[in-house]
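Heads up: the structure comes next, in structure tokens.
The values are calculated or read from the model by the stated rules, or taken from the named source; none is laboratory data. Keep in mind that what you see is a predicted model, and the values were worked out from it rather than measured. Cβ: placed from backbone, ideal geometry, glycine included. Neighbour counts: every protein chain shown. Quick note on the areas: whole protein, heavy atoms, side chains included, nothing else; ligands and nucleic acids left out. Shrake-Rupley method; radii C 1.70, N 1.55, O 1.52, S 1.80 Å.
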Amino acid sequence: MDIMISGLRRRFGRVEALRGVDLEVPGGMFGLLGTNGAGKTTLMRILAGVLSPTGGRVLVGGHDLTTRAGRLAVQRRLGYLPQDLGLYPDLTTQEFLDYIGLLKGLDDDTARRRQIGELLDMVGLADVAGRRLKGFSGGMRRRVGIAQALLGDPALVVVDEPTAGLDPEERIRFRTLLAGIAGHRTVLLSTHIVEDVAQTCQEAAVMAAGRVVFTGPVTGIIDRAQGATWEVVTQGPPPATGVVVSAVGRPGGTHYRVVSPTRPDPAAVPVQPSLEEGYVALMREAVPS
Amino acid sequence: MRSRFAAVCRYEFRMQVRKRSLWVSTVGLAVLIAVAQGDRGPRHLPAGTSAAEVMGSWALLFSMLLPIGFGMVLADRLVRDHRIGAASLLASLPTRPGALVAGKYAGSVAATAVPGLLVLLVTAAGEFAHRGDLTLFGWAVAAFAVVLLPGLAFVAAFALVCPLVVSAPLFRVLFAGYWFWGNMLGPAYLPSLTGTLLTPIGDYPASWLMGEKALYAGDSGWLSFLRPEPGGGAALLSVVLLAVLASLPLAFAGPLIARRTSS
Ligand SMILES: Nc1ncnc2c1ncn2[C@@H]1O[C@H](COP(=O)(O)OP(=O)(O)OP(=O)(O)O)[C@@H](O)[C@H]1O
Ligand SMILES: [Mg+2]
């Protein structure tokens, strides 16, 4: 299901969380990057039909999310993993998935159980299917979260920072799993972790302060730092201009990588930027400090 | 739609019935009542007393205190979705808020009823040991259904919904205060709902079972039109009125939850 958003606004009291968002999301896996408070969660909650917009238009698969009927139509084909999803501690994994499956309208008992079994295998929780959710680790909870999102074979999957707080291996497993399911659906992934987007998405958007400041192929983000990424080796203080992205201490001096539109130091040499450096360059343009 | 309601009901039942505080508070209060009652309590009813009166008296006695525990353990059932962090997920599912609220209400009331009913059945077994009357068990179920259950259903509606407006701890304090004022404070001392048809303690139904005034049912006082002579009709009217009153907060629950989720 493709998503078409235009002029989307959402206000909470005096805070304007979304200030006119325009975005088109085609099928496949799509990354949503942005600073804390940029409005990613607000946008995703609107897409999930949890929040109503204050203004603007959102069409998902042709359904208008500002109407009740449109929201219901989208929700029937939606998988949503909210940021900070809480699970009922006194249910087992199996029971929790069964509950959510029923609420999604999977009324056929046999089909629902089979699907739950398949998903438990897929996320590697089959062994603990009968255990109460109470004692689950962060990674296990996130896997239950993605399993519930995939119940009912949704056409649109919205996942809000699913990899935050996971150890590197778990994070890689998780994002690979997400990429694996994106073949025949739209998966919208929000994250702070640029690397997750680099490894899994062809297309991405970047949000800052309630607006979309970039949308396009992920390589387009890298291009923003083209000709503006430098390496400086010095034994003195770090370069005063630009944003230091990395600093590695070595015997001959500290190697700094700096994003700066101008040469930050006479000794600086231009280097090929990474996605993270592209992101930093983009953020400097979007929200000048 | 019906199957969604049934699903919510089933799982809310499981979660509530697994809650240890439900069992601890119900059994604890029941044991306290059974042991600490004075010599006018049902334990001391003379031999030959009808089974209906014996179980009606027990039910009324339990009904004085058990619902306080019920109110306390039900107070988190709706608000906890927000506290736990499940509210956004629930709101994103193609299930109407009405089905969620109704299912949560029915499931948690049914689960809370389980220890209440067991307490009465165990009591019936105790009475059976020296009265030898098998109908005690039937009357235990009947007394549960007309004395304890309507009060539980009434208390549950407010316990689920009020914490959406005030905090759950504040609700618990207000609720305990209300319980003594509205059920046990004699109408002769201060204007109160005690002894009216709106008393969830089951005064009227218990009076009907016992064949005499159980507590304050029908005593003269404030709002005299709500204080008819006790009897079968008055007992039925009391149960119906409590059910109507219970539906009021429930009607507001859906919008209150939606407002919370979307702000
Ligand atoms: N329910 C709410 N009530 C009031 N303000 C809110 C609410 N939800 C979001 N906001 C505000 O809207 C802005 C955007 O928040 P949002 O959670 O959408 O950002 P985000 O991009 O998801 O941030 P993060 O990366 O930290 O999760 C913030 O300023 C936030 O404080
Ligand atoms: Mg967020």
The listed residue being in contact (Cβ under 8 Å) with a residue 40 or more places away in the chain, of a type in the set (Gly, Ala, Ser) and surrounded by fewer than 16 Cβ atoms within 10 Å (Cβ to Cβ), out of B:Ala214, B:Ala235, B:Ala251, B:Ala243: B:Ala243
Helices (runs of 4 or more DSSP H) lying entirely in segment B:78-187 (those with 3 or more residues that are closer than 22 Å to B:Leu60 by Cα): B:97-131, B:135-143, B:149-161, B:168-183
Some residue of segment A:41-50 being touching a residue at least 40 places away in the same chain (Cβ under 8 Å), within 16 Å of ligand 2 (Cβ to nearest atom), of a type outside the set (Gly, Ala, Ser) and away from chain B (no Cβ under 12 Å): yes
Unique residue being in contact (Cβ under 8 Å) with a residue 40 or more places away in the chain and either open to solvent by less than 10 Å² (accessible area, probe 1.4 Å) or over 30 Å from A:Arg71 (Cα atoms) (or both) when the list is B:Gly116, B:Gly98: B:Gly116
Residue list for segment A:79-98, filter: more than 9 Å from every other protein chain (Cβ to nearest Cβ) and open to solvent by 10 Å² or more (accessible area, probe 1.4 Å): A:Thr92, A:Gln94
Filtered residue count, segment A:24-54, keeping only those that are assigned to a strand (DSSP E or B), away from ligand 1 (no atom under 15 Å from the Cβ) and either open to solvent by less than 10 Å² (accessible area, probe 1.4 Å) or on the phi < 0 side of the Ramachandran plot (or both): 4
Residues of segment B:81-127 that turn out to be within 17 Å of A:Leu51 (Cβ to Cβ) and away from chain A (no Cβ under 12 Å), as a count: 0
Counted residues, segment A:128-165 - those being within 17 Å of A:Val197 (Cβ to Cβ), within 16 Å of ligand 2 (Cβ to nearest atom) and not small (Gly, Ala, Ser): 6
Set A:Ala267, A:Ala247: member being without any contact (Cβ under 8 Å) to a residue 40 or more places away in the chain, loosely packed, with under 15 Cβ neighbours inside 10 Å, not assigned by TED's automatic domain parsing to the domain that holds A:Gln199 and not in a loop (DSSP other than H, G, I, E, B): A:Ala247
Of all residues in segment A:5-23 being touching a helix residue (DSSP H, G or I) at 6+ places or on another chain (Cβ under 6 Å) and within 13 Å of chain B (Cβ to nearest Cβ), the one that is least open to solvent (accessible area, probe 1.4 Å): A:Ala17
Residue ranges of helices (runs of 4 or more DSSP H) in segment A:59-142 with at least 1 members farther than 14 Å from B:Tyr11 by Cβ and in contact with a helix residue (DSSP H, G or I) (Cβ under 9 Å, 6 or more places away or on another chain): A:68-75, A:109-122
Enumeration of residues in segment A:52-78 that are of a type in the set (Gly, Ala, Ser) and either more than 17 Å from B:Leu90 (Cβ to Cβ) or more than 9 Å from every other protein chain (Cβ to nearest Cβ) (or both): A:Gly55, A:Gly56, A:Gly61, A:Gly62, A:Ala69, A:Gly70, A:Ala73
All positions within segment A:1-31 that are touching a Cys at 6+ places or on another chain (Cβ under 9 Å) and of a type in the set (A, V, I, L, M, F, W, C): A:Met29, A:Phe30
Selected residue (only one of A:Arg175, A:Arg185, A:Arg224 is more than 16 Å from ligand 2 (Cβ to nearest atom), free of Cβ contacts under 8 Å to residues at least 60 places away in the same chain, away from chain B (no Cβ under 14 Å) and basic (Lys, Arg)): A:Arg175
Odd one out for B:Tyr105, checked against (1) open to solvent by 20 Å² or more (accessible area, probe 1.4 Å); (2) more than 18 Å from B:Leu256 (Cα to Cα); (3) of a type in the set (Ser, Thr, Tyr): (2)
Lone unmet requirement of (1) within 11 Å of chain B (Cβ to nearest Cβ); (2) within 16 Å of ligand 2 (Cβ to nearest atom) for A:Leu106: (2)
Qualifying residues in segment A:6-23 (those that are within 14 Å of ligand 1 (Cβ to nearest atom) and without any contact (Cβ under 8 Å) to a residue 60 or more places away in the chain) - the one nearest to A:Asp153 (Cα to Cα): A:Leu8
